[in-house]
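These notes concern the structure reproduced below.
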Amino acid sequence: MNSFSWKSLQDAAGPVSRETFYRLVTFEQMFQKWNRSINLVAQSTATDVWQRHILDSAQLGRIEPTANRWVDIGSGGGFPGLVMAFLLAERDGASIDLVESNRKKASFLQTVIGQFGLPARVVARRIEDSHALVPAPQIVTARALASLSILLDLSAPWLTSGARGLFHKGRDYRAEVQESVHRWAFDLVEHPSVTDPHGVILELSNLRPV
(Lines give C-alpha, C1' and ligand atoms only; values in the text may rest on other atoms or scores of the structure.)
Protein backbone atom coordinates (compact mmCIF):
# COMPACT_ATOMS: atom_id res chain seq x y z
CA MET A 1 0.00 0.00 0.00
CA ASN A 2 2.58 2.55 -1.14
CA SER A 3 0.50 4.61 -3.53
CA PHE A 4 -0.54 8.14 -2.67
CA SER A 5 -4.18 7.53 -3.55
CA TRP A 6 -7.77 7.54 -2.41
CA LYS A 7 -7.69 3.73 -2.58
CA SER A 8 -4.70 3.53 -0.25
CA LEU A 9 -6.60 5.64 2.27
CA GLN A 10 -9.68 3.44 2.00
CA ASP A 11 -7.56 0.30 2.33
CA ALA A 12 -6.23 1.65 5.62
CA ALA A 13 -9.22 3.45 7.09
CA GLY A 14 -12.29 1.83 5.53
CA PRO A 15 -14.91 3.87 3.67
CA VAL A 16 -13.69 7.45 3.27
CA SER A 17 -15.02 10.11 0.92
CA ARG A 18 -12.97 11.47 -1.97
CA GLU A 19 -13.32 14.91 -0.37
CA THR A 20 -11.62 13.71 2.80
CA PHE A 21 -8.82 12.23 0.71
CA TYR A 22 -8.17 15.56 -1.01
CA ARG A 23 -8.29 17.39 2.32
CA LEU A 24 -5.63 15.02 3.68
CA VAL A 25 -3.50 15.58 0.57
CA THR A 26 -3.63 19.32 1.25
CA PHE A 27 -2.85 18.69 4.92
CA GLU A 28 0.20 16.62 3.95
CA GLN A 29 1.57 19.54 1.95
CA MET A 30 0.92 21.92 4.84
CA PHE A 31 2.55 19.50 7.26
CA GLN A 32 5.73 19.34 5.16
CA LYS A 33 6.09 23.13 5.24
CA TRP A 34 5.69 23.32 9.02
CA ASN A 35 7.92 20.31 9.61
CA ARG A 36 10.88 22.07 7.99
CA SER A 37 10.59 24.76 10.66
CA ILE A 38 9.65 23.00 13.89
CA ASN A 39 10.45 19.29 13.41
CA LEU A 40 7.02 17.80 13.95
CA VAL A 41 8.35 14.32 13.11
CA ALA A 42 11.84 12.92 12.65
CA GLN A 43 13.35 14.01 9.36
CA SER A 44 14.13 10.37 8.56
CA THR A 45 10.39 9.69 8.32
CA ALA A 46 9.38 12.97 6.67
CA THR A 47 10.03 11.75 3.13
CA ASP A 48 7.00 9.44 3.24
CA VAL A 49 4.47 11.18 5.46
CA TRP A 50 1.53 9.63 3.59
CA GLN A 51 2.50 6.01 4.22
CA ARG A 52 4.37 6.23 7.50
CA HIS A 53 2.19 8.72 9.32
CA ILE A 54 -1.14 9.47 7.64
CA LEU A 55 -2.12 5.94 6.60
CA ASP A 56 -0.64 4.50 9.79
CA SER A 57 -2.88 6.85 11.78
CA ALA A 58 -5.95 6.40 9.58
CA GLN A 59 -6.20 2.66 10.27
CA LEU A 60 -7.78 3.53 13.61
CA GLY A 61 -10.87 4.50 11.63
CA ARG A 62 -11.28 0.92 10.44
CA ILE A 63 -10.66 -0.54 13.89
CA GLU A 64 -13.22 1.76 15.54
CA PRO A 65 -15.81 2.92 12.96
CA THR A 66 -18.52 4.17 15.31
CA ALA A 67 -17.10 5.91 18.42
CA ASN A 68 -17.69 9.68 18.47
CA ARG A 69 -15.73 10.95 21.51
CA TRP A 70 -11.97 10.65 21.18
CA VAL A 71 -8.89 12.02 22.92
CA ASP A 72 -5.33 11.83 21.57
CA ILE A 73 -2.58 12.32 24.14
CA GLY A 74 0.81 13.75 23.26
CA SER A 75 -0.52 14.72 19.85
CA GLY A 76 2.75 16.24 18.60
CA GLY A 77 2.55 16.67 14.84
CA GLY A 78 -1.00 15.35 14.74
CA PHE A 79 -0.59 11.60 14.37
CA PRO A 80 -2.98 10.00 14.91
CA GLY A 81 -5.09 12.83 16.35
CA LEU A 82 -5.34 15.24 13.41
CA VAL A 83 -5.78 12.43 10.91
CA MET A 84 -8.64 11.07 12.99
CA ALA A 85 -10.14 14.57 13.09
CA PHE A 86 -10.34 14.51 9.29
CA LEU A 87 -12.03 11.09 9.39
CA LEU A 88 -14.35 12.02 12.26
CA ALA A 89 -15.61 14.99 10.23
CA GLU A 90 -17.62 12.36 8.32
CA ARG A 91 -19.33 11.14 11.51
CA ASP A 92 -22.26 13.18 12.82
CA GLY A 93 -21.49 14.65 16.23
CA ALA A 94 -17.97 13.22 16.44
CA SER A 95 -15.00 15.11 17.88
CA ILE A 96 -11.49 14.61 19.20
CA ASP A 97 -9.44 16.45 21.82
CA LEU A 98 -5.72 16.80 21.11
CA VAL A 99 -3.61 17.04 24.27
CA GLU A 100 -0.24 18.70 23.55
CA SER A 101 1.77 20.84 25.95
CA ASN A 102 4.47 21.96 23.49
CA ARG A 103 3.54 25.48 22.46
CA LYS A 104 4.81 25.31 18.87
CA LYS A 105 3.20 21.95 18.18
CA ALA A 106 -0.07 23.08 19.79
CA SER A 107 0.00 26.12 17.51
CA PHE A 108 0.40 23.88 14.46
CA LEU A 109 -2.50 21.69 15.57
CA GLN A 110 -4.72 24.72 16.12
CA THR A 111 -3.80 26.17 12.74
CA VAL A 112 -4.78 22.97 10.93
CA ILE A 113 -8.03 22.67 12.88
CA GLY A 114 -8.94 26.24 11.97
CA GLN A 115 -7.99 26.01 8.31
CA PHE A 116 -9.98 22.83 7.68
CA GLY A 117 -12.79 23.39 10.17
CA LEU A 118 -12.08 20.09 11.89
CA PRO A 119 -14.18 18.72 14.77
CA ALA A 120 -11.24 18.94 17.15
CA ARG A 121 -9.97 20.97 20.09
CA VAL A 122 -6.43 21.53 21.31
CA VAL A 123 -5.90 21.04 25.05
CA ALA A 124 -2.57 22.79 25.58
CA ARG A 125 -1.77 21.15 28.90
CA ARG A 126 0.32 18.34 30.25
CA ILE A 127 -1.51 15.05 30.00
CA GLU A 128 -1.63 14.75 33.79
CA ASP A 129 -3.47 18.08 33.96
CA SER A 130 -5.96 17.36 31.18
CA HIS A 131 -8.20 14.66 32.60
CA ALA A 132 -10.81 16.99 34.07
CA LEU A 133 -10.88 18.99 30.82
CA VAL A 134 -11.72 15.96 28.68
CA PRO A 135 -14.67 14.22 30.30
CA ALA A 136 -15.78 10.72 29.33
CA PRO A 137 -14.00 9.97 26.04
CA GLN A 138 -14.83 6.65 24.42
CA ILE A 139 -11.41 6.18 22.82
CA VAL A 140 -7.92 7.22 23.99
CA THR A 141 -5.14 7.19 21.40
CA ALA A 142 -1.37 7.67 21.48
CA ARG A 143 1.41 7.06 18.99
CA ALA A 144 5.19 7.18 19.51
CA LEU A 145 4.72 8.74 22.92
CA ALA A 146 5.84 6.37 25.67
CA SER A 147 6.03 2.75 26.77
CA LEU A 148 2.72 0.99 27.36
CA SER A 149 3.07 1.03 31.14
CA ILE A 150 3.52 4.81 31.10
CA LEU A 151 0.63 5.22 28.64
CA LEU A 152 -1.62 3.29 31.00
CA ASP A 153 -0.59 5.47 33.94
CA LEU A 154 -1.25 8.64 31.92
CA SER A 155 -4.62 7.53 30.59
CA ALA A 156 -5.85 5.54 33.60
CA PRO A 157 -8.45 8.13 34.71
CA TRP A 158 -10.23 7.60 31.39
CA LEU A 159 -9.51 3.91 30.85
CA THR A 160 -10.70 2.92 34.33
CA SER A 161 -13.96 4.80 33.68
CA GLY A 162 -14.98 2.88 30.58
CA ALA A 163 -12.86 4.29 27.75
CA ARG A 164 -10.82 2.02 25.49
CA GLY A 165 -7.24 2.61 24.42
CA LEU A 166 -5.96 2.31 20.85
CA PHE A 167 -2.18 2.50 21.02
CA HIS A 168 0.26 2.16 18.12
CA LYS A 169 3.16 -0.10 19.03
CA GLY A 170 6.19 -1.58 17.26
CA ARG A 171 8.01 -4.89 17.25
CA ASP A 172 8.76 -4.87 21.00
CA TYR A 173 5.13 -4.57 22.06
CA ARG A 174 4.99 -7.97 23.78
CA ALA A 175 7.71 -6.94 26.23
CA GLU A 176 5.78 -3.73 26.94
CA VAL A 177 2.60 -5.72 27.62
CA GLN A 178 4.46 -8.01 30.02
CA GLU A 179 5.93 -5.02 31.83
CA SER A 180 2.47 -3.51 32.21
CA VAL A 181 0.73 -6.52 33.76
CA HIS A 182 2.69 -6.08 36.99
CA ARG A 183 0.58 -2.98 37.72
CA TRP A 184 -2.52 -3.26 35.55
CA ALA A 185 -5.03 -5.85 34.43
CA PHE A 186 -6.87 -5.31 31.16
CA ASP A 187 -8.54 -6.96 28.22
CA LEU A 188 -6.35 -6.88 25.12
CA VAL A 189 -6.95 -7.24 21.40
CA GLU A 190 -3.98 -7.07 19.03
CA HIS A 191 -4.73 -5.58 15.60
CA PRO A 192 -1.89 -6.15 13.09
CA SER A 193 -0.83 -2.88 11.50
CA VAL A 194 -1.77 -2.48 7.84
CA THR A 195 1.23 -0.22 7.21
CA ASP A 196 4.02 -1.76 9.30
CA PRO A 197 4.67 -5.53 9.13
CA HIS A 198 6.19 -5.38 12.62
CA GLY A 199 3.58 -3.06 14.16
CA VAL A 200 0.29 -3.51 15.97
CA ILE A 201 -2.53 -1.44 17.34
CA LEU A 202 -3.18 -2.53 20.91
CA GLU A 203 -6.83 -2.21 21.90
CA LEU A 204 -7.13 -2.14 25.67
CA SER A 205 -10.32 -2.12 27.71
CA ASN A 206 -11.57 -2.81 31.21
CA LEU A 207 -8.43 -1.38 32.83
CA ARG A 208 -8.12 -1.99 36.56
CA PRO A 209 -5.23 -1.96 39.05
CA VAL A 210 -3.66 -5.27 40.01
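The values are calculated or read from the model by the stated rules, or taken from the named source; none is laboratory data. This structure is a prediction, so every number in the text was calculated from the model and none was measured. Reconstructed Cβ throughout: ideal geometry from the backbone, glycine too, with neighbour counts over all protein chains shown. When the accessible area is computed, the model is the full protein with side chains, heavy atoms only, and any ligands, DNA or RNA have been set aside. Shrake-Rupley method; radii C 1.70, N 1.55, O 1.52, S 1.80 Å.
When the residues of the stretch 55-95 are filtered to those that are of a type in the set (D, E, K, R) and without any contact (Cβ under 8 Å) to a residue 40 or more places away in the chain, the one that is most open to solvent (accessible area, probe 1.4 Å) is Asp92.
Of the residues making up the stretch 121-142, those that are outside any loop (DSSP other than H, G, I, E, B), open to solvent by 70 Å² or more (accessible area, probe 1.4 Å) and closer than 18 Å to Gly76 by Cα are Arg121, Glu128, Asp129. Of all the listed residues (Leu98, Leu145), the sole one being of a type outside the set (Ser, Thr, Tyr), within 14 Å of Gly74 (Cβ to Cβ), open to solvent by 30 Å² or more (accessible area, probe 1.4 Å) and not in a helix (DSSP H, G or I) is Leu145.
Gln178 fulfils the conditions (1) open to solvent by 90 Å² or more (accessible area, probe 1.4 Å); (2) within 15 Å of the chain's Cα centre (by Cα); (3) of a type outside the set (A, V, I, L, M, F, W, C) except for a single criterion, (2). Can Ala163 be described as buried (at least 16 other Cβ atoms within 10 Å of the Cβ) and at pLDDT below 95? For Ala163, the condition - buried (at least 16 other Cβ atoms within 10 Å of the Cβ) and at pLDDT below 95 - is not met.
Yes or no, residue by residue, for (1) within 26 Å of Ala12 (Cα to Cα); (2) over 17 Å from the mean Cα position of the chain (by Cα); (3) in a strand (DSSP E or B):
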| position | (1), (2), (3) |
| --- | --- |
| Ser155 | yes, no, no |
| Ser161 | no, yes, no |
| Leu166 | yes, no, yes |
| Asp196 | yes, no, no |
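If the condition is being touching a Gly at 6+ places or on another chain (Cβ under 9 Å) and open to solvent by 30 Å² or more (accessible area, probe 1.4 Å), then the stretch 101-120 contributes Ser101, Asn102, Lys105, Pro119.
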